[in-house]
């Protein structure tokens, strides 16, 4: 049996990038660290000569980049999504520094696709985008100036992941379990939201806050495929009981 | 007695840089990691509007940069010089990966000036320049493409040094979030089990297996107090809906 290549299970997702030069710089950063899968969600200008110029010897990464209209498309099939944020907003169980996060991301990439998600240069990741991330990852920066160039942020992240992947990590029992994919978890969240409406637990006027808190909690659990199925089964059983 | 600031003992030296945009990018990379001392040895074009543009919010680092005609001037007063090279040429006692080198460089910067030396974009460091370095430091790269952009190389090096400098400083702060207690979680599991019986999802003959799987999953989430309360609230709402 062929061993899957963990480098090919790692995708870099750039969402709503404003400057095409940064897309080229990101491609170059990736290639120097052995990463080849670039996904672009609704880039403002792409393709663009500025992207090609900054890519330098990584034109092939740009040429194979997939342009997606929605984040869901870019995350299809991923089992773990790490969103890069400028700093730790809430230091909680879902928040990691890049160095803390790298071993888990690398271990997961040995068996299933993993995404690193970077937001717009100015506004970063939206709350909706962060809601799709199981890990919120920050690169420690100076409190005086935390604004890394997008290509530089991709470079640092790709560097940490390369080192984590090369570290001779034996896949742990935990990472050998197959996680539920982004689509499966999104299906669960939709179902949960519907069921919570029916129980009147969710106020239809303010559904977002509770749902985002529930997302954060379940994200931290990294539900496996069979566990996601159990959760769906519970919701279905609740639905039927209510109907009776 | 004042403690010397190790960050101010770290200087970045760029030798014979061709593209002024890279000087600006290097300044930005430095500032995000709290480094402020930039030395330029015989830059081809400097000052230059392209440097200012790429520096973004780090114009102050550019303005304080010292332009030197010789490397000796830039290294004046340094106790340790690390030359960045594209790859390990000879793996010998003077050769380090960046991660191997960072602790020694950081430790030295607590007491004496330390320089990180970066060569020309195309030709790298000359043998004469490498001769001035006590450490030859490489950033591990893909064998297929090892050409980091200069600004990105400075970013990665500054990042490693920042982490090494902070490592000794203060013990990392633990999350201040208060987790749910064992008793609270046990109460939740009992409630969950009862509600699942009522929905007929749980087979009363074999309840243990499913409950232990659910326990494992929720345990991994490390639910906080407020999250445990939300979960209990959901169960209560479900109970009421079933009673209706």
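The values are calculated or read from the model by the stated rules, or taken from the named source; none is laboratory data. Because the structure is predicted, anything quoted here is derived from the model rather than measured. Cβ sites come from the backbone with ideal geometry, for glycine too, and all protein chains shown count toward neighbours.
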- Note on the structure: Going through (1) in contact with a strand residue (DSSP E or B) (Cβ under 7 Å, 6 or more places away or on another chain); (2) under 17 Å from residue A:159 (Cα atoms) one by one, residue A:28 fails only at (1)
- Out of all the residues in region B:150-163, is one or more surrounded by fewer than 16 Cβ atoms within 10 Å (Cβ to Cβ) and within 10 Å of another protein chain (Cβ to nearest Cβ)? no
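Would you point out the residue of region A:200-215, among those that are at the interface with another protein chain (Cβ under 8 Å from one of its Cβ atoms) and closer than 21 Å to residue B:221 by Cβ, that is surrounded by the fewest Cβ atoms within 10 Å (Cβ to Cβ)? Before you say what the answer is, go through the steps one by one.
Narrowing region A:200-215 to residues at the interface with another protein chain (Cβ under 8 Å from one of its Cβ atoms): A:200-201, A:210, A:213-214.
From the residues that got through so far, the ones that are closer than 21 Å to residue B:221 by Cβ too are A:201, A:210, A:213-214.
Working: A:201: 18, A:210: 17, A:213: 14, A:214: 19.
Filtering region A:200-215 for residues that are at the interface with another protein chain (Cβ under 8 Å from one of its Cβ atoms) and closer than 21 Å to residue B:221 by Cβ, the one surrounded by the fewest Cβ atoms within 10 Å (Cβ to Cβ) comes out as A:213.
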- Would a scan of region A:74-82 turn up a residue that is within 14 Å of another protein chain (Cβ to nearest Cβ) and touching a strand residue (DSSP E or B) at 6+ places or on another chain (Cβ under 9 Å)? yes
- Note on the structure: Subset of region B:52-73, residues touching a strand residue (DSSP E or B) at 6+ places or on another chain (Cβ under 6 Å) and in a loop (DSSP other than H, G, I, E, B), comes to B:65
- Failed item in (1) touching a helix residue (DSSP H, G or I) at 6+ places or on another chain (Cβ under 7 Å); (2) facing chain B (nearest Cβ under 10 Å); (3) over 17 Å from residue A:81 (Cα atoms), with residue A:240 passing the rest: (1)
- Message: Just checking, does region B:216-223 include any residue being surrounded by 15 or more Cβ atoms within 10 Å (Cβ to Cβ), more than 7 Å from chain A (Cβ to nearest Cβ) and under 44 Å from the mean Cα position of the chain (by Cα)?
- Response: no
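How many residues does region B:224-236 hold that are at the interface with chain A (Cβ under 7 Å from one of its Cβ atoms) and surrounded by fewer than 19 Cβ atoms within 10 Å (Cβ to Cβ)? Spell out the reasoning first.
From region B:224-236, those at the interface with chain A (Cβ under 7 Å from one of its Cβ atoms) are B:227, B:230, B:233-234; that's our starting set.
Now drop any that are not surrounded by fewer than 19 Cβ atoms within 10 Å (Cβ to Cβ), which leaves B:230, B:233.
Here the count works out to 2.
So which strands (runs of 3 or more DSSP E) stay within region B:76-136 end to end and still have 3 or more residues that are at pLDDT 90 or above and closer than 20 Å to residue B:167 by Cβ?
Working: elements: B:80-85, B:95-97, B:114-118.
Answer list for region B:76-136: none.
Going residue by residue through region A:54-65, is there one that turns out to be within 23 Å of residue A:133 (Cα to Cα), away from chain B (no Cβ under 14 Å) and in contact with a helix residue (DSSP H, G or I) (Cβ under 8 Å, 6 or more places away or on another chain)? Walk me through it before giving the result.
Residues of region A:54-65 within 23 Å of residue A:133 (Cα to Cα): A:65.
Now drop any that are not away from chain B (no Cβ under 14 Å), which leaves A:65.
With the extra rule that they be in contact with a helix residue (DSSP H, G or I) (Cβ under 8 Å, 6 or more places away or on another chain), the set shrinks to A:65.
Scanning region A:54-65 turns up at least one residue that is within 23 Å of residue A:133 (Cα to Cα), away from chain B (no Cβ under 14 Å) and in contact with a helix residue (DSSP H, G or I) (Cβ under 8 Å, 6 or more places away or on another chain).
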- In region A:116-130, how many are in contact (Cβ under 8 Å) with a residue 60 or more places away in the chain and surrounded by 10 or more Cβ atoms within 10 Å (Cβ to Cβ)? 8
- Task: Mind listing just one residue for me: the one in region B:131-143 that is within 9 Å of chain A (Cβ to nearest Cβ) and touching a helix residue (DSSP H, G or I) at 6+ places or on another chain (Cβ under 7 Å) and, of those, surrounded by the most Cβ atoms within 10 Å (Cβ to Cβ)?
- Result: B:139
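Take residue A:27 and decide whether it is surrounded by 18 or more Cβ atoms within 10 Å (Cβ to Cβ), under 12 Å from the mean Cα position of the chain (by Cα), outside the structural domain of residue A:190 (by TED's automatic domain parsing) and within 29 Å of residue B:25 (Cα to Cα). Don't jump to the end; show me each part of the working.
Details: surrounded by 18 or more Cβ atoms within 10 Å (Cβ to Cβ): yes; under 12 Å from the mean Cα position of the chain (by Cα): no; outside the structural domain of residue A:190 (by TED's automatic domain parsing): yes; within 29 Å of residue B:25 (Cα to Cα): yes.
In short, no.
Would you confirm whether or not region A:43-51 contains a residue that is surrounded by 24 or more Cβ atoms within 10 Å (Cβ to Cβ), at pLDDT 95 or above and assigned to a helix (DSSP H, G or I)?
Start the filter on region A:43-51 by keeping residues that are surrounded by 24 or more Cβ atoms within 10 Å (Cβ to Cβ), which leaves A:51.
Cutting the leftovers down to at pLDDT 95 or above gives us A:51.
Filter once more, keeping what is assigned to a helix (DSSP H, G or I): A:51.
Checked against the condition, which is being surrounded by 24 or more Cβ atoms within 10 Å (Cβ to Cβ), at pLDDT 95 or above and assigned to a helix (DSSP H, G or I), region A:43-51 yields at least one hit.
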